[in-house]
1. Which one of 107, 144, 114 is closer than 30 Å to residue 172 by Cα, in a helix (DSSP H, G or I) and not small (Gly, Ala, Ser)?
2. Which count do you get for residues in the stretch 34-80 that are at pLDDT below 90, more than 14 Å from residue 230 (Cα to Cα) and among the polar types (S, T, N, Q)?
3. Would you confirm whether or not the stretch 180-191 contains a residue that is in a helix (DSSP H, G or I) and over 30 Å from residue 107 (Cβ atoms)?
4. Within the stretch 149-158, is there a residue that is over 30 Å from residue 43 (Cβ atoms), touching a helix residue (DSSP H, G or I) at 6+ places or on another chain (Cβ under 7 Å), of a type outside the set (S, T, N, Q) and at pLDDT 95 or above?
5. I'm checking my understanding of the structure. Among residues of the stretch 120-171 that are β-branched (Val, Ile, Thr) and within 30 Å of residue 204 (Cβ to Cβ), which one is nearest to the chain's Cα centre (by Cα)?
6. When you look at residue 25, is it of a type in the set (A, V, I, L, M), touching a His at 6+ places or on another chain (Cβ under 8 Å) and under 21 Å from residue 197 (Cα atoms), yes or no?
7. Across the stretch 194-230, which residue is surrounded by the fewest Cβ atoms within 10 Å (Cβ to Cβ) among those that are touching a His at 6+ places or on another chain (Cβ under 9 Å) and of a type in the set (A, V, I, L, M, F, W, C)?
8. Name the residue, out of 124, 75, 138, 146, that is of a type in the set (Gly, Ala, Ser) and under 21 Å from residue 221 (Cβ atoms).
Amino acid sequence: MAHCIVPEAEAILDKEFPVLDKGFIRLVDYLGGDERVVQSARVSYGEGTKSYREDAGLIDYLLRNRHTSPFEQISLTFHVKMPIFIARQWIRHRTARLNEISGRYSVMKDDFYVPVPEDVALQSTDNKQGRSDKALESAAVEKVRSFLAEGQKRAYGEYTSLIDQGIARELARINLPLSLYTEIYWNIDLHNLFHFLELRLGAHAQKEIRLYARTLLEITKKVVPRCCESFERHLLGGVSFSKEELAELNKRLGNGGEPTLSGKALERFEEKLRT
């Protein structure tokens, strides 16, 4: 099996793709491309790469039917700069390998995230973990942004003062806020990257991490375009039904099945049909 070179991926290696006000994602390295998925899937049959259409069809079949091991043959390494509060969500995905910049060894940079005006909102009344879609008055928005920026400036000033006094870096850093930018090297296989993207591109994910996820997907398309096309079709753009929901769907289509949904469950089912 030959080493896999993807010209589109080579062209963007080490290029910074900006996210938020000071963040970025860089593709540092990759192992394999669409062809590696195909080769891995066909290895037990001893068949080589076939036509583009056949290869795309095989990838589509594998992803649609959750035959995930060939996608684990692809590995991507990213350099990501993001606010700490995003990093804490990011590392919930434990099927990757990462190394983060250390405030014990390095003096942290004066880089903090302040949301743009349109992203400042009140707490949602129907979503415990999200913000409202209702816009705030501009004066209230600027007051919030100023409050955040002043707190960041004060915290960083106190941090550098402690550093200048010779206080240990591991202690001087502990009052720095979650808005401070951190940096990681993140290595993950394609199967688990798709799982990350499926969750973090979802409507219930925080907007800031959705922006990182969108950029990750666009970069990944340069490495494995056919795999990403299947991912968008079957996982990101698809929908799954429970046993009861499927029975309800069959009933509505005239295919039999007993109606089993009621109340909120029926509302969720109808929302799935609308989307």
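The values are calculated or read from the model by the stated rules, or taken from the named source; none is laboratory data. It should be emphasised that the depicted structure is a prediction, and the values quoted were computed from it without experimental measurement. Heads up, the Cβs are rebuilt from the backbone with ideal geometry, glycines too, and the neighbour counts pull from every protein chain shown.
1. Residue meeting the stated conditions: 144.
2. Matching residues across the stretch 34-80 total 5.
3. Initially, the stretch 180-191 is screened for residues in a helix (DSSP H, G or I), giving 190-191.
Narrowing further to those that are over 30 Å from residue 107 (Cβ atoms): 190-191.
Taking every residue of the stretch 180-191 in turn, at least one turns out to be in a helix (DSSP H, G or I) and over 30 Å from residue 107 (Cβ atoms).
4. Yes, that holds for at least one residue.
5. Among those that are β-branched (Val, Ile, Thr) and within 30 Å of residue 204 (Cβ to Cβ), it is 120.
6. Yes, satisfied.
7. We begin by selecting, within the stretch 194-230, every residue touching a His at 6+ places or on another chain (Cβ under 9 Å); these are 195-196, 199-200.
Restricting the remaining residues to those that are of a type in the set (A, V, I, L, M, F, W, C) gives 196, 199.
Working: 196: 20, 199: 15.
The qualifying residue surrounded by the fewest Cβ atoms within 10 Å (Cβ to Cβ) is 199.
8. On the way: 124 fails: under 21 Å from residue 221 (Cβ atoms); 138 fails: under 21 Å from residue 221 (Cβ atoms); 146 fails: under 21 Å from residue 221 (Cβ atoms).
Just a single option satisfies the conditions, and that option is 75.
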